[in-house]
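Take a look at the structure below.
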Amino acid sequence: MEYRKNDIVTLKIEDCGIDGEGIGKADGFTVFVKDAVIGDTVRAKIMKAKKNYGYGRLEEIITPSPDRVEPKCQFARQCGGCQLQALSYEKQLEFKTSKVRGHLERIGGFTDIPMEKILGMDQPFHYRNKAQFPVGINEKGEPTVGVFAQRTHTIIPIKECLIQTQISQRIANRIVEFIKENNFTVYNEQTQEGLFRHVVIKVGIKTNQVMCILVLNEKDEIKEKYNSSNSKSESEKLENLVEMLKQEFPEIKTIVKNINNKNTNVILGNKNINLYGEGYIEDILGEYKFKISPMSFYQVNPVQAEILYNTAIEAAQLSQEDTLFDLYCGIGTIGIFASKKVKQVYGIEIVEQAIEDAKENAKINNVQNAEFICGDVEFAFDELINKKKITPTAIIVDPPRKGLDDKTIQNILKLKTKKLVYVSCNPATMVRDIAKMEDEYEVQRIQPVDMFPFSKHVESVAVLNLK
């Protein structure tokens, strides 16, 4: 039977897509339904129809799945940040395991790689140590702060998010109150005018230190502009905001003004000005202390990050004779974790601020056998092995979602390093890259780690052995 847009279908949800959507069939026609879970019987409206499949909107749950739970957040469907909130946590972990296995089979043709049981969280709430809140204007014309509704720039004014830290939400809500009270202007995407764009909060989970980043559309020509002859300038009001935050939130150790006056979806601009404190906070992972600055990458779930790093390092089976290359090293977390197990660590990262932090982190922790290099891995890795003639005996890679570039893969294949561990936030690109190396390496095992409970994302550690 042929189905068209706006048709209503009744479906038994029998599978789950890679984004967490339910999959059912009507007369052989496959329908993907967001917010439906395996075991549901639902009524859905076809929103987009192709020849053999379509995308439906959940209209009614006729019979709920035994694995369905009531989302704790009332905005779960609107926000879209927690795609799996309607699924029990146990089933979320099963979904993520099958997602990794599915990529191994479909993309890489791997059917017999051992999969370890996924490492989940005991308490999968309020785990994110970094919150990014857009500031905008609501339908009443008032400043508001919250999260963007899925696939839009409409702000949902969430007072409590179940995955963000509670202190970050209290700070963001207090800032928007201050914005209202003091008539701060709010950024308008259409006109590109207005001062406040985002509030970004970083929290040291173990140290309880808080960084508050005020992302402002502050152009030199309007910096000192007065709204009227009797009102305070923006800079004076900003000083008052800083004083208020210091008084009401003693956890805040630093407040940073970030300048972003470009017409872009990128949240942070390139310029940071310290308004209070040292411009960074510290957190503790394992036995090490790490410095976190506004621009540096630090895993957003430090509880699971510690598990992830230890898993990767143990999988590498490092020894005191090893020279370890930590590719995409960020602020040096994996390299520093591994430093006492090896002779020498070389970390490479393209973000200059992250490398500065990595060097500082090595100094803070008295790690003397780690060198951190700023550069694109594609070129800096090549230079280390081909020009400086430094040969690694172990490699740990932790690339961004796009995975490894071909030049880096070719260099790994040429080196034939015996110990190779691939840490991935995107199983699809991980499997693609592993498949490119299968002539030289075989995958010993895959260890999934749940870094992002309630979301579709899953982290994996792949242990590769030289054939």
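The values are calculated or read from the model by the stated rules, or taken from the named source; none is laboratory data. As the structure is a prediction and not an experimental result, all values here were calculated from the model. So basically every Cβ, Gly included, is an ideal-geometry build from the backbone, and we count neighbours across all protein chains shown. Calculation scope for accessible area: heavy atoms of the full protein, side chains included, ligands and nucleic acids excluded. Shrake-Rupley method; radii C 1.70, N 1.55, O 1.52, S 1.80 Å.
Assorted remarks:
- Restricting attention to segment 129-145, the residues that are under 14 Å from residue 186 (Cα atoms), open to solvent by less than 70 Å² (accessible area, probe 1.4 Å) and either assigned to a loop (DSSP other than H, G, I, E, B) or aromatic (Phe, Trp, Tyr) (or both) add up to 3.
- Extreme residue, most open to solvent (accessible area, probe 1.4 Å), among residues of segment 35-58 that are touching a residue at least 40 places away in the same chain (Cβ under 8 Å) and closer than 19 Å to residue 456 by Cβ: 38
- If you go through segment 72-128 and pick out every residue that is touching a strand residue (DSSP E or B) at 6+ places or on another chain (Cβ under 6 Å), surrounded by 17 or more Cβ atoms within 10 Å (Cβ to Cβ) and farther than 23 Å from residue 447 by Cβ, you end up with 3.
- Residue pairs whose Cβ atoms lie under 6 Å apart, sitting 6 or more positions apart in sequence or on different chains, and linking a residue in segment 441-467 that is closer than 18 Å to residue 91 by Cβ to a partner that is of a type in the set (Gly, Ala, Ser) and part of a strand (DSSP E or B), are 448/460.
- Residue that is nearest to residue 118 (Cα to Cα) [pool: residues in segment 403-442 that are small (Gly, Ala, Ser) and outside any strand (DSSP E or B)]: 428
- Per-region count, segment 434-467, residues buried (at least 23 other Cβ atoms within 10 Å of the Cβ) and acidic (Asp, Glu): 2
- Odd one out for residue 122 among (1) charged (D, E, K, R); (2) within 21 Å of residue 303 (Cβ to Cβ); (3) touching a Pro at 6+ places or on another chain (Cβ under 9 Å): (3)
- Pairs where the first residue, in segment 414-430, is closer than 17 Å to residue 106 by Cα and the second is open to solvent by 30 Å² or more (accessible area, probe 1.4 Å), C-beta under 7 Å, 6+ apart: 426/401; 428/107; 429/401; 429/402
- Selection count, segment 417-454, where residues are within 29 Å of residue 86 (Cα to Cα) and in contact with a Gly (Cβ under 7 Å, 6 or more places away or on another chain): 5
- Residue match in segment 303-313 (condition: of a type outside the set (D, E, K, R), over 19 Å from residue 399 (Cα atoms), within 24 Å of the chain's Cα centre (by Cα) and open to solvent by 10 Å² or more (accessible area, probe 1.4 Å)): yes
Yes/no per residue for (1) over 22 Å from the mean Cα position of the chain (by Cα); (2) closer than 27 Å to residue 362 by Cα; (3) open to solvent by 60 Å² or more (accessible area, probe 1.4 Å):
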position	(1), (2), (3)
242	yes, no, no
256	no, yes, no
260	no, no, no
265	no, no, yes
268	no, yes, no
285	no, yes, no
296	no, yes, no
301	no, yes, no
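- Taking segment 21-38 as the range and being in contact with a Ser or Thr (Cβ under 7 Å, 6 or more places away or on another chain) and at pLDDT 95 or above as the test, only 23 passes.
- Members of segment 163-182 found to be surrounded by fewer than 20 Cβ atoms within 10 Å (Cβ to Cβ) and either under 21 Å from the mean Cα position of the chain (by Cα) or of a type outside the set (Asp, Glu) (or both), listed by number: 166, 167, 170, 173, 174, 178, 180, 182
- Residues that are modelled with pLDDT of 95 or more and not charged (D, E, K, R) within segment 386-399 comprise 390, 391, 392, 393, 394, 395, 396, 397, 399, listed in sequence order.
- Search result, residues across segment 11-34 that are open to solvent by 60 Å² or more (accessible area, probe 1.4 Å) and either within 31 Å of the chain's Cα centre (by Cα) or of a type in the set (Phe, Trp, Tyr) (or both): 14, 15, 18, 19, 34
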